[in-house]
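Accompanying notes for the structure given below.
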There are 2 protein chains.
Amino acid sequence: MKRVKLGKGGEFDLIRRLVGNDDGADIALGPGDDAAVLRDGWVVTTDLSVEDVHFRRKWLNDEEIGWRAGAVALSDLAAMAATPVAVLVSMAVPRPAGGDRALDPEAVQRGVRAAAFSVGATVVGGDLTRSPGPLVIDVVALGRTAWPVQRDGAEDGDDVWVTGPLGASAAAVAIWESGGEPGPELRAAYAHPEPRVSAACGLVEQEVVDALIDLSDGLAGDAGHLAAASGVAIVLDEEAIPVAEAVVSAFGLERARDLALHGGEDYELCFVTDPGVVDVSYFEKKYGLRLAKVGTVEGLAVGGEPAVRIRRADGTVEELQRGGFDHWGPS
Amino acid sequence: MKRVKLGKGGEFDLIRRLVGNDDGADIALGPGDDAAVLRDGWVVTTDLSVEDVHFRRKWLNDEEIGWRAGAVALSDLAAMAATPVAVLVSMAVPRPAGGDRALDPEAVQRGVRAAAFSVGATVVGGDLTRSPGPLVIDVVALGRTAWPVQRDGAEDGDDVWVTGPLGASAAAVAIWESGGEPGPELRAAYAHPEPRVSAACGLVEQEVVDALIDLSDGLAGDAGHLAAASGVAIVLDEEAIPVAEAVVSAFGLERARDLALHGGEDYELCFVTDPGVVDVSYFEKKYGLRLAKVGTVEGLAVGGEPAVRIRRADGTVEELQRGGFDHWGPS
């Protein structure tokens, strides 16, 4: 769910204004993180997927559309280290127009169910209506956690990590948008993201995580959300950012790094720990994920202005100007 | 939320197929009622409102669009006798096209917040994106109850009740669609439905309710859902159905009765009790609602075929053929 993220995009400013902060006794954590936390450890998030904004029907089959919509919502539970329990799926479904293949809502639903099942959750309800425009899917994901991990715990000197290579999803979109067809690895990154639920819960069990977010907006943008919520500055190390091999092959290293930083929709986790506490080889053996330390927390936010900077290969450090992909801004 | 309702419309058949029934330990009640019930008494429902399907922007201002979207979702919590706690609002917002007034997402959100506040709930999150087509709002409502009231408890000999006059919302739509402008009472019924939360909770406190539903599809359709879930036949008494005065003035009695039966979107409650246990005057004094007994449960469903019949003014009894409004079917 893109909710009250503290980046600079128009979407974020607007959501910030839209969502108030009048929490009640049954609400442990209101707007401002990846999901809301309710009494008894329930965590809830909602995520809209809109045709021609988040996906195009010529890129994905109906089941993949459903998987992706479900996985994106479930990734927000992973970002709170919550265990998924239940999913609700609302769909506004267009009638076929001239030239369109008919959409099969049952296939979309199968995709959502498969994504839910992959992390132990069940579809318990939803809504269905026709749409006079695009296909719209809203997935509500509910999970439970005794220890929700928020975005605001990063501290000076901490290490910043990601759970896998970045940029492949955005690379697939770039290739489609330029009229090409991405190879299977890039396509899978976009069509079949896997919510990092067990990895997130594993990190929390080891009690090493100070702050956690899922990478929906791109590393630059989401590190910015962590920095803003925690009131710190983060310096990313350009050479340490893991870039998917297939992206380098398709675009060269420079563009690949740009996609990894700004492309978004990788749905890996980005997390912050005390220095030196992460056992990378244990994590790879147990979860099949190769953790990469991509930066460090270096000081508090200067003048109240949270910042993400990047240390280039030549040692120079620059402010990262551009945020992640902004569905709301001009495009 | 129109969820797995057991009526005959295309929407219902499709939802039935879409939503499975693989409940887990954290799920007390899965698909099939107005809302799902989770462990610890949490109840959750989701409800889509789509421009030009559920409303037109020339009928309502932006705040009313939000109120209505919120109230419709919260009404599903009332239908479970749950106390609303939290709301999440997802919006896909179109850019203004030629001739359209610009939509103000903040006003829509204010409307949802007002509806939530009116029943003690808080907006805790949401999602926001642009829409290349209509305005789409998905409202998730979460509440709590120790005693969720389902649809399946109606028994032979029970009385069937509604909490107020019907038909006004559908009358407003009919007038708008024919180019007119409804009067204030009809307009308010459509623009500003009030979720019957305190009435529902009051009924449960008095322990008189065997089954409960909110009237979203029209009395005929929703009584059909109660009958189907309970495996009984319901006979409605035509002359006892309360029809909003303004509807009779605008359309005459016969058409007004048709709108009350089939128009839908009144968001009053329909509930079933043991015979003779409801104190109408107490209820009116306490909740300001005039209860009307509209029918009785008369026997089990014949041959497994649930049925709603109507006793006309002349004493004849007919099967009610037509269900409620079906967003999914041809129209």
**Prompt:** What residues qualify as long-range amide H neighbours of residue B:243, i.e. H under 5 Å apart, gap of 5 or more or another chain, H built at 1.01 Å from N?
**Reply:** B:166
**Prompt:** If you add up the charges near residue B:41, with Lys and Arg at +1 and Asp and Glu at -1, over every other residue whose beta carbon is less than 15 angstrom from its beta carbon, what do you get?
**Reply:** -1
**Request:** List, in order, the whole-Hz ³J(HN,Hα) value for each residue of region A:282-292 obtained from phi through the Karplus relation with A = 6.51, B = -1.76, C = 1.60 and θ = phi - 60°; use x for Gly and Pro.
**Result:** 4, 5, 5, 5, 7, 10, x, 10, 9, 5, 10
**Prompt:** What are the label-to-label distances in nm, one decimal and shortest first, from residue A:207 to the same spot in the other copies, with labels 7 Å along Cα to Cβ?
**Reply:** 4.7
**Asked** Zone of residue A:97 (label point 7 Å along Cα→Cβ, backbone N under 12 Å): which residues in region B:123-162?
**Response** B:132-134
**Hydrodynamic radius of chain B per Kirkwood, over alpha carbon pairs, in Å** = 19.9 Å
**Request:** Shortest first and in nm with one decimal, please list how far the residue A:281 label point sits from its counterparts in the other copies (point 7 Å along Cα→Cβ).
**Result:** 8.5
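Summing Lys, Arg as +1 and Asp, Glu as -1, what charge do residues with Cβ under 12 Å from the Cβ of residue B:111 carry, residue B:111 excluded?
Values: positive: B:68, B:110, B:113; negative: B:62, B:63, B:64, B:104, B:106.
Net local charge, residue B:111 excluded: -2.
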**Complete:** With every protein chain in place, the accessible area of residue A:67 for a 1.4 Å probe, in Å² rounded to the nearest 10, comes to 30 Å²
**Request:** Would you mind computing, in nm to one decimal, how far apart the modelled labels at residue A:253 and residue A:156 are, each placed 7 Å from Cα along Cα→Cβ?
**Result:** 3.4 nm
**Request:** Have a look at the DSSP beta bridges in chain A and tell me what percent are antiparallel, nearest 5.
**Result:** 70 percent
**Request:** Quick one: which residues, 5+ away or cross-chain, put their amide H under 5 Å from the amide H of residue B:130? H built at 1.01 Å from N.
**Result:** B:93
**Request:** Have a look at A:256, A:141, A:102 and tell me which one the Gaussian network model of chain A (Cα, springs below 10 Å) gives the largest fluctuation.
**Result:** A:102
**Item:** Among A:258, A:158, A:104, residue whose mean-square fluctuation peaks in a GNM of chain A (springs only between Cα atoms under 10 Å)
**Value:** A:104
**Item:** Lysine pairs with alpha-carbon atoms under 27 Å apart, the protein assembly as shown, spacing 8 or more or separate chains
**Value:** 11
**Item:** Karplus-derived 3J(HN,Hα), 6.51/-1.76/1.60, for each residue of region B:211-218, Hz, glycine and proline x
**Value:** 7, 8, 8, 9, 8, 9, 9, x
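Quick one: of the DSSP bridges fully inside the protein assembly as shown, what percent are antiparallel, nearest 5? Can you show the working numbers first?
Numbers: 86 of 120 bridges.
Counting only bridges with both partners in the protein assembly as shown, antiparallel ones make up about 70 percent.
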**Request:** Report the extension gain between residue A:290 and residue A:117 in nm, rounded to one decimal, defined as 0.36 nm multiplied by the number of residues separating them, less their alpha carbon distance.
**Result:** 59.9 nm
**Prompt:** Closest approach to the B-A rotation axis by any Cβ of B: residue and distance in angstrom?
**Reply:** B:133, 1
**Prompt:** Between region A:163-191 and region B:99-167, what is the C-alpha centre distance in whole Å?
**Reply:** 38 Å
**Prompt:** Under the Karplus relation 6.51 cos²θ - 1.76 cosθ + 1.60, θ = phi - 60°, what is the ordered set of whole-Hz ³J(HN,Hα) values for region B:157-174, x standing for Gly and Pro?
**Reply:** x, 5, 8, 10, 10, 10, 8, x, x, 10, x, 5, 5, 5, 5, 4, 4, 4
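Rounded to the nearest 5, what % of the DSSP beta bridges within region B:10-144 are antiparallel ones? List each step's numbers first, then the result.
Details: 22 of 33 bridges.
The answer is about 65 percent antiparallel.
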**Complete:** Summing -39500 (n - 2.57) over every DSSP H run of at least 4 in chain B, dividing by its residue total and rounding to the nearest 500, the 222 nm mean residue ellipticity is -9500 deg cm²/dmol
**Fill in**
residue B:28 and residue A:107 label points (each 7 Å along its Cα→Cβ direction) are spaced in nm at 3.9 nm
**Asked** What size of dipole, in debye to the nearest 20, comes out for region A:10-144 about its Cα centre when the only charges are +1 on Lys and Arg C-beta atoms and -1 on Asp and Glu C-beta atoms?
**Response** 380 debye
**Request:** Specify whether the C-alpha gyration tensor of the protein assembly as shown places it in the rounded, prolate or oblate class, a ≥ b ≥ c being the square roots of the eigenvalues: rounded for a/c under 1.5, otherwise prolate if a/b is larger than b/c and oblate if not.
**Result:** prolate
**Message:** For residue B:39, place a label point 7 Å from Cα along the Cα-to-Cβ direction in every copy; what are the distances to the other copies, in nm, shortest first?
**Reply:** 1.7
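Using 0.36 nm per residue, how much length does the chain from residue B:302 to residue B:57 gain when fully extended, once their Cα-Cα distance is taken away? Before the final figure, lay out each step's value.
On the way: separation 245, 0.36 × 245 = 88.20 nm, distance 4.45 nm.
In short, 83.8 nm is gained.
The values are calculated or read from the model by the stated rules, or taken from the named source; none is laboratory data. It should be emphasised that the depicted structure is a prediction, and the values quoted were computed from it without experimental measurement. Virtual Cβ from ideal backbone geometry, glycine too; neighbours counted across all protein chains shown. With ligands, DNA and RNA removed, areas are computed over all heavy atoms of the protein, side chains included. Shrake-Rupley method; radii C 1.70, N 1.55, O 1.52, S 1.80 Å.
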